[in-house]
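Student: Below you'll find the structure I mean.
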Amino acid sequence: MINLFTFRKFLSCIPLCVLFAAVTNAQVKEEGIIPKPVIMVKTNANQVFTFNQSTAIGTTPNIGRDNLTFFNTYFKSVSGFGLRTNHRSNAPVQLNIDDKYVTQPEGYKLSVTAKRIKITGHDEAGVFYGLQSLIQLLKVSNGKVTARSCVIMDYPRFAYRGMHLDVSRHFFKPEAIKKWIDLLALYKINTFHWHLTDDQGWRIEIKKYPLLQSISAYRDETIIGHKKDSPHRFDGKRYGGYYTQDEVKEIVKYATQRHITVIPEIEMPGHAMAALAAYPQLGCTGGPYKTATYWGIFDDVYCAGNDETFTFLQNVMDEVLPLFPSKYIHIGGDECPKTKWKVCPKCQQRIKDEHLKDEKELQSYFIGRMEKYLNSKGRQIIGWDEILEGGLTPGATVMSWTGEEGGIAAAKQHHDAIMTPEKYVYLDYYQSLYPAEPLAGGGYTPLSKVYNYEPITNELSGEEAKYIKGVQANAWSEYMASPAQAERQLFPRMLALAEVAWSSKKNKSYPDFLKRLRYQQPLLKKLNINAADVFDEITDSVIETANHQVALNIQTTLPGAKIFYTTDGTEPGLNSQGYTGAITIASSSIIKAAVFNNGRQQGRTYEKSFSIHKAIGKTVTLKNQPQGGFNPGNTFGLVNGIFGSKLYNDGQWYGFSGDDLEAVVDLGNVQNVSKLGINILKYHWQKMWEPTLLTFEVSTDGSNYTEVYRQTDFPDNGINAVRANIKTQQARYIRVKATNKGMIPPGEYIAGAKAWLMVDEIIVN
């Protein structure tokens, strides 16, 4: 909280009428700044500070030049001239540090009047962030650069505000990395998590191990399309690259000048295929191995029973640590199959010698041994939440990605945690459900979902919540082959993450954020950022009406816009039906809709297909409950007339991990039934397997069932649409049974894991 004396002093300079409005209205009336400041007040809407070529910036001696360089570079790009700097206290733009006046680390106060701009920071970072807010306030018009009169008091909610980037799957040159670092700084993100090694490429020079550069940094070819496609197709082109140690030093220095800490990630004990390709003796079988050419999880990992493995990784760290002054080193720890460890004599001997219970404790041993080494060098480790397996090592910080559970468990054990759950903050996921969206990793993480994420869960007490040190968004680059593709995935969702990390919870408002984001669009364009512009497109919700029909709600977040739609599949226009409320779907139809503003269509056309049948809106009873991200929370999606997409990210698919499907549909009364159907999703490369047996049964009383159809062959990689024409039956109840594959067979992707059985839409006619 702001120091009380400082707060009173701050308030005393504001006119009473403005102060009253600011205190009683939670909405900040300034449309520009992201992330939203703690307090911002317009002191005089008609006053502006105007820059000119004689404008000087006065600084105190304790403010480094890095703060000024970043600001002046941007300022010159928009104005055509730079600003002089000196140590005069009467300069029009004044910067200083006062940790008693601004008591929060990284905090600042910014005031703008017609005659002066003053920024006071708690520290150099605070001054820097004050300058970033000033950049966002600048308005360029008719050759003039101005800033509106206002007062801001601001500081971050979380000390750790992170953005992750994977450069293993696709390599981005130093110029692109620097460009994105500038954007992190502008939006007050202070940590860059650099994912440097993985199965598909080793991206950092290690001089002691030259084969990491000549072999591990390259793969023979790269998969075309999505991993789920079968058979896999490849481009036949050698791909790779790495950062020299000099380039790493340059990037780290560049980030440090912008008050950004760079945390390297060197993956272990899994995701090691690239390293094993160069040094096969570090694996359990001795190889041969190849740098992976497609995405996924691989059974071949570092051998935990081989002391040479630890020697190698320690030597690697000896070269990594001097390049990165960060307190933390990320050692991965995620997605490490134990398949090879279970049959490796060295690993089994290690389990025996160290009195370990199983392979999970062997992973804990591995992480703990590396942690002790890094601790001896004055560093601490961060790992993904799988480092909880077998017991969390002392001092480790957990990065919770599979959900929030890892972060919660760590906090309850009084370990620091960073919240980064994939369903909320993975920026490689789709940000729109429109079919024209570019290929992405999977899932659905729209801008609104990122923005509304809350890192502190209700499961944590006030004391436990203190161990949640911050939040991070992650960008995995499997489907981001170019900087332009990466930027479309990162922006503007990264801005939403910035506000989650910086702004106070009570100060957040999604409509207000969108207003400020629209104000930011020219700035992003000026900075040559290929930002996505889909956030105002139509989104929908499908509901069940009182008489068990299906109705469609559609909406846009664009203020003042109107939606026009058609129900016959034709393109909507200004003469089409105007949307005023839920559209009842009485028969099979294709709804198309579009957003119009000032008489012109904005964005792409929305489309949704409905297939109406006898089971629509009927009661469905499930014997086993769906799981994970494939549990919509009710059974309406099985009988709502909407077929789930092949991307399985639209909330329509019901998934059963290792369990069978047994569903009973109650039609409400006995009637003639002659056609039955269901959709089955088959993607072995996503652990989604067809059932070994599918049957339909009918009953008039719900007790005595007769089988009317069975199927054991599901040949399509993707959606298998089962449509059974049966002899007309009298039935009230329809029972669908599908037998799960169970454990994934040997030789298949992720062998030994539970298979997912994926189903959607039980059709009755």
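Read-outs: derived from the displayed coordinates by stated rules, not from any lab. Being a predicted model, the structure only gives us computed values, none of them experimental. All Cβ positions, glycine included, derive from the backbone under ideal geometry; neighbour counts span all protein chains shown.
Student: Can you find, among G201, V665, L321, the residue sitting farthest towards the positive end of the charge dipole of the chain, where Lys and Arg contribute +1 and Asp and Glu -1 at Cβ?
Tutor: Working it through, the farthest residue towards the positive pole turns out to be L321.
Student: Arrange the following residues from fewest to most other Cβ atoms within 10 Å of their Cβ: D659, D199, D98, D385.
Tutor: Fewest-to-most ranking of D659, D199, D98, D385: D98, D659, D385, D199.
Student: Let me ask another. So how far, in whole Å, is the C-alpha centre of region 669-696 from the one of region 224-240?
Tutor: Going from one Cα centre to the other spans 30 Å.
Student: Rg to Rh ratio, region 674-765, alpha-carbon atoms and Kirkwood radius?
Tutor: Checking Rg against Rh, the ratio lands at 1.04.
Student: Cα-based Rg (one decimal) and Dmax (whole number) for the chain, in Å?
Tutor: 28.9, 93
Student: Hey, any idea what Rg/Rh is for region 160-526, computing Rh the Kirkwood way over Cα pairs?
Tutor: 0.95
Student: Ok, one more. I590 versus K377, label points 7 Å from Cα toward the beta carbon: distance in nm?
Tutor: So the two model labels end up 5.9 nm from each other.
Student: Would you mind checking the tilt of helix 359-376 against the longest principal axis of the Cα atoms of the chain, expressed as 0 to 90 degrees and rounded to 10?
Tutor: Here the helix axis deviates by roughly 10 degrees.
Student: Using a 10 Å cut-off around each Cβ, can you sort V48, V550 from fewest to most neighbouring Cβ atoms?
Tutor: The order, fewest Cβ neighbours first, is V48, V550.
Student: Related question: When the dipole is taken about the Cα centre of the chain, and only Lys, Arg (+1) and Asp, Glu (-1) are charged at their Cβ, what size is it in debye, to the nearest 20?
Tutor: That gives the chain a dipole magnitude of about 2760 debye.
Student: Please list the equivalent ellipsoid semi-axes of region 67-118, computed as the square roots of five times the alpha-carbon gyration tensor eigenvalues, in descending order and whole angstrom.
Tutor: Those come to 22, 14, 11 Å.
Student: Sticking with this structure for a sec: Given the Cα-Cα distance of E175 and T580 and 0.36 nm per residue of separation, how much length would full extension add, in nm?
Tutor: 140.9 nm
Student: Subtract the Cα-Cα distance of F81 and N631 from 0.36 nm times their separation in residues, and report this length gain in nm to one decimal.
Tutor: Here the segment from F81 to N631 would lengthen by 192.3 nm.
Student: With charges set only on the Cβ (+1 for Lys and Arg, -1 for Asp and Glu), what does the dipole of region 539-610 come to about its Cα centre, in debye to the nearest 20?
Tutor: 240
Student: Separate question: Tell me the relative contact order for the chain as a rounded percent, counting alpha carbon contacts under 8 Å between residues six or more apart.
Tutor: Across the chain, relative contact order equals 9 percent.
Student: Find the percent of Cα-Cα distances in region 405-445 that exceed 12 Å, and round it to a whole number.
Tutor: 62
Student: Could you tell me which residue out of N528, A484, N507 lies farthest along the dipole of region 478-536 toward its positive end? Charges go on the beta carbon: Lys and Arg +1, Asp and Glu -1, centred on the Cα centre.
Tutor: Farthest along the dipole direction, towards plus: N507.
Student: With r defined as the distance between the Cβ atoms of E454 and V670 and R0 fixed at 45 Å, what FRET efficiency is calculated, to the nearest 0.05?
Tutor: For E454 and V670, the calculated efficiency is 0.40.
Student: Kirkwood Rh, Cα Rg: Rg to Rh for region 338-395?
Tutor: With Rh from the inverse mean 1/r over Cα pairs, Rg/Rh is 1.00.
Student: Please give the length that would be gained between T728 and N530 if that part of the chain were fully extended, namely 0.36 nm times their separation in residues minus their C-alpha to C-alpha distance (nm, one decimal).
Tutor: So the extension gain works out to 65.6 nm.
Student: Taking the Cβ-Cβ separation of K623 and Y709 as r and a Förster radius of 25 Å, what is the calculated FRET efficiency to the nearest 0.05?
Tutor: Plugging the Cβ-Cβ distance into 1/(1 + (r/R0)^6) gives 0.85.
Student: Of the beta bridges DSSP finds with both residues in the chain, what % are antiparallel, to the nearest 5?
Tutor: Around 70 percent antiparallel, to the nearest 5.
Student: Sticking with this one: Among A91, F75, Y429, whose Cα projects farthest towards the positive end of the dipole of the chain, with charges put on the beta-carbon of Lys, Arg (+1) and Asp, Glu (-1)?
Tutor: Going by the charge dipole, the pick is A91.
Student: Just the Cα atoms of region 243-325: what Rg and Dmax do they give in Å?
Tutor: Rg and Dmax of region 243-325, Cα atoms, are 15.1, 45 Å.
Student: Sticking with this structure for a sec: Return I34, I616 ranked ascending by Cβ neighbour count within 10 Å, so the fewest neighbours appear first.
Tutor: I616, I34
Student: In whole Å, what is the distance between the alpha-carbon centres of region 703-765 and region 390-444?
Tutor: 32
Student: Of the listed pairs K614/K646; K100/K249; K179/K290; K377/K469; K144/K506, which have alpha-carbon separations greater than 30 Å here?
Tutor: K100/K249; K179/K290; K144/K506
Student: Hey, with R₀ at 60 Å, roughly what FRET efficiency would N598 and K100 work out to, going by the Cβ-Cβ distance, to 0.05?
Tutor: Taking R0 as 60 Å, the efficiency between N598 and K100 is 0.70.
Student: Right, something else. In whole angstrom, and with the biggest value first, how far do the Cα coordinates of region 102-250 range along each principal axis?
Tutor: Largest to smallest, the principal-axis extents are 64, 38, 30 Å.
Student: Alpha carbon centre of region 35-68 versus region 270-332: separation in Å?
Tutor: Each part's Cα centre sits 48 Å from the other's.
Student: P(r) of region 539-610 in 5 Å steps, Cα pairs, percent per bin?
Tutor: Histogram of Cα-Cα distances, whole percents per bin: 3, 17, 29, 25, 15, 7, 3, 0.
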